[in-house]
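Values in this text are rule-based calculations from the coordinates and carry no lab data. On a predicted model such as this, the values are computed, not experimentally measured, just so you know. Glycine also receives a Cβ, built like all others from the backbone with ideal geometry; neighbour counts cover every protein chain displayed.
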Amino acid sequence: MQTSEFSTQLQNKINELKARRTSMQLGSVSFDSKLLLAPMAGICTPPFRMLMEDLGAGGTVSELISVHGINYDNKKTHDMLKVDEREKNIGIQLFGEDPDAFAKAAIVAQRQNPKFIDINMGCPVRKVVAKGGGSAMMKEIETLGPFFRKVKAAIDVPLTIKIRMGWDAEDINADKIEHIAKEEGVEWVAIHGRTRAQQYTGLSNWEYIEWLAQNTKLPLIGNGDLHQPHQVAKRLKQTNCDALMIARGCLRNPFIFLESLQDESETYNSLFKGSEYFEVIERLYQYTNETYTQERARLVQLRKLIVWFAAGFPGCAKFRGEMFKSKTLEDTMNNAQKYFMGLGDSYKKINYDEIFMSSGHG
Ligand SMILES: Cc1cc2nc3c(=O)[nH]c(=O)nc-3n(C[C@H](O)[C@H](O)[C@H](O)COP(=O)(O)O)c2cc1C
């Protein structure tokens, strides 16, 4: 499929920033940037993943996908597995508590040609944890060696894991898990610096992440609360981690993977104005239409992202209200055009003190 072009001005700006990326190697896998898009359920679908790669993310991960859903041939789950042929740096993330079921599903997932297959070991959601999946896997670590071994033996692409620091403050065991993962040939570990008990409260513990990065043998990807370009830039410069993952930060600022590459001498003000946001929305609209056939699915996917992208621009609260009244795609795009194109030369200023999305699956 042919992707529509951005204006020359926007594309030049993107290219200039992309040229500042540092490519990296995580185990046997290479990426064009040290900044990767973290998995997000209901968000990291092909349209959003492709858009984030266009806007500088070095690689992406799918939302978490149930191994049982795959093995039971659930249509919705199989749809979630789909990877667009334009996606070259994608990992598929699976969740499930049973190693045989996991290995079987991983073989199916591999048919989509992902760059890696990732085990979700961080999801704190009760429904997932109650069955022994997600962050519950961090509780009984003696079962992990055979688990990793079984899945790894079933697939040809690298196996990776995404974890939290531990189950709770009394049981911080990411270091032990890293050790087991290393023994079993897992390619890298991504860590969200909270415990399961914390869910999304408090702050991601970067002191711990940096300590772990210094004390691991496997490549480590650090994650958590990297929401502002200047903060990401500072972390990139100082970190012992091999790479960083960004989740929520790119919802309010889809240009974060690029804006974080500014020099310290630069201001870290937003570099992109409303009309450029609208160009990005038009591309997302194209990807969404190519991915989903149902108008309802297109609308639901697109509208929430457009509303998040507006965060920090003047009048965004009023715009949000109007957007949720628009019932058709046409209305949605017309409203978005009117709003973003009408922003003129104003740049966004996000209020980072406001709590933004305090639940998720990892
Ligand atoms: C809406 C939402 C959905 C998420 N879904 C997943 C998921 O499917 N798999 C996963 O490993 N982590 C998931 N996460 C966790 C993120 O990948 C990330 O670890 C966490 O949000 C902390 O990073 P951040 O501060 O950059 O958002 C999700 C987070 C959010 C907010």
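Taking a ≥ b ≥ c as the square roots of the Cα gyration tensor eigenvalues, region 21-259 comes out rounded, since a/c falls below 1.5.
Residues in region 233-248 near a label at residue 354, defined as backbone nitrogen under 18 Å from the 7 Å Cα→Cβ point? Inside the label zone: 248. Take every pair of alpha-carbon atoms less than 8 Å apart whose residues are at least six positions apart; their mean separation over the length of region 157-230 yields a relative contact order of 34 percent.
Rounded, prolate or oblate: which one fits region 160-233, using the alpha carbon gyration tensor with axes a ≥ b ≥ c (rounded when a/c is under 1.5, else prolate when a/b beats b/c, else oblate)? Working shown, then result.
Details: a/c = 2.08, a/b = 1.29, b/c = 1.62.
It is oblate, given that a/c is not under 1.5 and a/b is not larger than b/c.
Summarising the amide proton neighbourhood of residue 188: residues at separation of 5 or more, or on other chains, whose placed amide H is nearer than 5 Å comprise 161.
Given a Förster distance of 22 Å, report the FRET efficiency between residue 15 and residue 234 from their Cβ-Cβ distance, rounded to the nearest 0.05. Intermediate results must be reported in sequence, preceding the final value.
Numbers: r = 24 Å, r/R0 = 1.10.
For residue 15 and residue 234, the calculated efficiency is 0.35.
Each Cα pair under 8 Å and six or more residues apart adds its separation to the average, and for the chain the resulting relative contact order is 16 percent. Separation of the alpha carbons by more than 26 angstrom is noted, of 104/182; 88/325; 162/234, for 88/325. Around the amide H of residue 30, modelled in the peptide plane, lies no amide H under 5 Å away from a residue 5 or more places distant or on another chain. For region 305-315, backbone phi angles converted through the Karplus equation (6.51, -1.76, 1.60; θ = phi - 60°) give residue-by-residue couplings of 5, 4, 5, 5, 4, 6, 3, x, 8, x, x Hz, Gly and Pro being listed as x.
Length gained on full extension, residue 182 to residue 112, computed as 0.36 nm times the residue gap minus the Cα-Cα distance: 22.6 nm.
Within region 155-186, which residues have the backbone N less than 14 Å from the label spot 7 Å out from residue 211 along Cα→beta-carbon, could you tell me? What the label zone holds, given the 14 Å backbone N cut-off, is 165-166, 169-176.
Restricting to Cα pairs below 8 Å that are 6+ residues apart, what does the relative contact order work out to for region 44-185? Please round to a whole percent. Before the final figure, lay out each step's value.
Numbers: 234 pairs, mean separation 28.3, N = 142.
Dividing the mean separation by the residue count of region 44-185 yields 20 percent.
The Cβ shell under 15 Å around residue 330 holds other residues with a net charge of +2, Lys and Arg each +1, Asp and Glu each -1.
A Gaussian network model of the chain, with springs between Cα atoms under 10 Å, assigns the largest mean-square fluctuation among 289, 71, 351 to 351. Between region 1-64 and region 221-281, what's the alpha-carbon centroid distance in Å? If we compute the Cα centre of each part, the gap is 12 Å.
Taking 170, 87, 259 in turn, the Gaussian network model of the chain (Cα-Cα springs below 10 Å) assigns the largest fluctuation to 170. Net length available on complete extension from residue 201 to residue 334 is 44.1 nm, with 0.36 nm assigned per residue and the Cα-Cα distance removed. Taking 13, 88, 34 as the candidate residues, the one with maximal mean-square fluctuation in a Gaussian network model of the chain, Cα springs under 10 Å, is 13.
Quick check: residue separation of residue 325 and residue 82 times 0.36 nm, minus the Cα distance between them. What number comes out in nm? Can you show the working numbers first?
Working: separation 243, 0.36 × 243 = 87.48 nm, distance 3.05 nm.
Length gained between residue 325 and residue 82: 84.4 nm.
Of all beta bridges that DSSP places with both ends in the chain, some 10 percent have antiparallel geometry. Taking the helices alone, the chain has a mean residue ellipticity at 222 nm of -12000 deg cm²/dmol, built from -39,500 (n - 2.57) per DSSP H run of at least 4 residues and averaged over all its residues. Just check region 231-362 against the gyration tensor rule for me: Cα atoms, a ≥ b ≥ c as the square roots of the eigenvalues, rounded for a/c under 1.5, and otherwise prolate or oblate depending on whether a/b exceeds b/c. The shape class here is prolate.
Close amide H pairs (under 5 Å, H built 1.01 Å from N) link residue 195 with 165, residues at least 5 positions away or on another chain.
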